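Let me begin by presenting the structure, written as structure tokens, before commenting on it.
The values are calculated or read from the model by the stated rules, or taken from the named source; none is laboratory data. Just so it is clear, the model here is predicted, and its values are computed rather than measured. Note that we place each Cβ from the backbone using ideal geometry, even for glycine, and neighbour counts take in every protein chain shown. Note: areas computed on protein heavy atoms with side chains; ligands, DNA, RNA excluded. Shrake-Rupley method; radii C 1.70, N 1.55, O 1.52, S 1.80 Å.
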Amino acid sequence: MCVCVGLALSCPQPSVVHYLLFFSSATLAKLECPLYSADWLFVAHSAFTQSIAIVTAYDTLGESGLLHSMNETEVEAIFTNADLLSTLLKVLPECPSLKHVIYSGEAKPEIVEKVKAQVGSVISLKELKALGRQHPCPPVKPKAEDICCIMYTSGSTGNPKGVILKHANLVAASKFV
């Protein structure tokens, strides 16, 4: 099932690199909360089936680090937790490339409406899964040299640094698991 159907339909040229940013809480990641880690992996693998590269950013980067990672990659969509929508809302006016927001969890309706007023497309992961079931789409297979993930880490100085991983990197690393 293509859960990223809404993103795939809005990105009709598979040869163009498109980015889906994952904005997560470092605290939840450290706790390995099953609800969020399962959602994170589900959306990441769904993006990979459509050759959509993912970008990771944690709340520990702060608002300026989040904005930097969004603007540097010209991110078009973001997947986050409902609890982080208010943080996202603060940087939206300065991120013109963002078109889609996907969130997991229970969001406050007033926050969703404020985000929607700035971005247009805001959808829960539950709603996105339903769309994927209604509109299945074939995979768009990535090439080995295609970007798979850009992982942002806090730089010791200046803006966060993005580490680029290609699909070939993941395949090579999986040989040792």
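Summary table below
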| item | result |
| --- | --- |
| I123 being of a type in the set (V, I, T), at pLDDT 90 or above and closer than 23 Å to T60 by Cβ | no |
| Any chance A47 is part of a helix (DSSP H, G or I), open to solvent by less than 30 Å² (accessible area, probe 1.4 Å) and in contact (Cβ under 8 Å) with a residue 40 or more places away in the chain | yes |
| Enumeration of residues in segment 60-110 that are of a type in the set (D, E) and in contact with a Leu (Cβ under 8 Å, 6 or more places away or on another chain) | E76, E94 |
| Single match in K143, K126, K99 (criterion: within 15 Å of the chain's Cα centre (by Cα) and charged (D, E, K, R)) | K99 |
| Filter result for the condition that a residue is modelled with pLDDT of 90 or more and among the aromatic types (F, W, Y), over Y19, Y103, Y36, Y58 | Y103 |
| First in segment 56-75 and under 16 Å from S156 (Cα atoms) and among the β-branched types (V, I, T), second anywhere and open to solvent by less than 60 Å² (accessible area, probe 1.4 Å) and not in a helix (DSSP H, G or I), Cβ under 9 Å, 6 or more apart | T60/S25 |
| Verdict on Q134 being among the polar types (S, T, N, Q), at pLDDT below 90, on the phi < 0 side of the Ramachandran plot and open to solvent by 20 Å² or more (accessible area, probe 1.4 Å) | yes |
| Residue in segment 130-177 that is nearest to G62 (Cα to Cα), counting only those that are in a loop (DSSP other than H, G, I, E, B), among the small types (G, A, S) and touching a residue at least 24 places away in the same chain (Cβ under 8 Å) | S154 |
| Among (1) over 19 Å from L20 (Cα atoms); (2) exposed (fewer than 12 other Cβ atoms within 10 Å of the Cβ), the one test that E145 misses | (1) |
| Count of residues meeting criterion [surrounded by 17 or more Cβ atoms within 10 Å (Cβ to Cβ) and touching a Lys or Arg at 6+ places or on another chain (Cβ under 9 Å)] in segment 104-131 | 3 |
| Among the residues listed as Y103, Y152, the single one being of a type in the set (F, W, Y) and in contact with a Pro (Cβ under 6 Å, 6 or more places away or on another chain) | Y152 |
| Any hit, segment 77-86, residues being outside any helix (DSSP H, G or I) and among the polar types (S, T, N, Q) | yes |
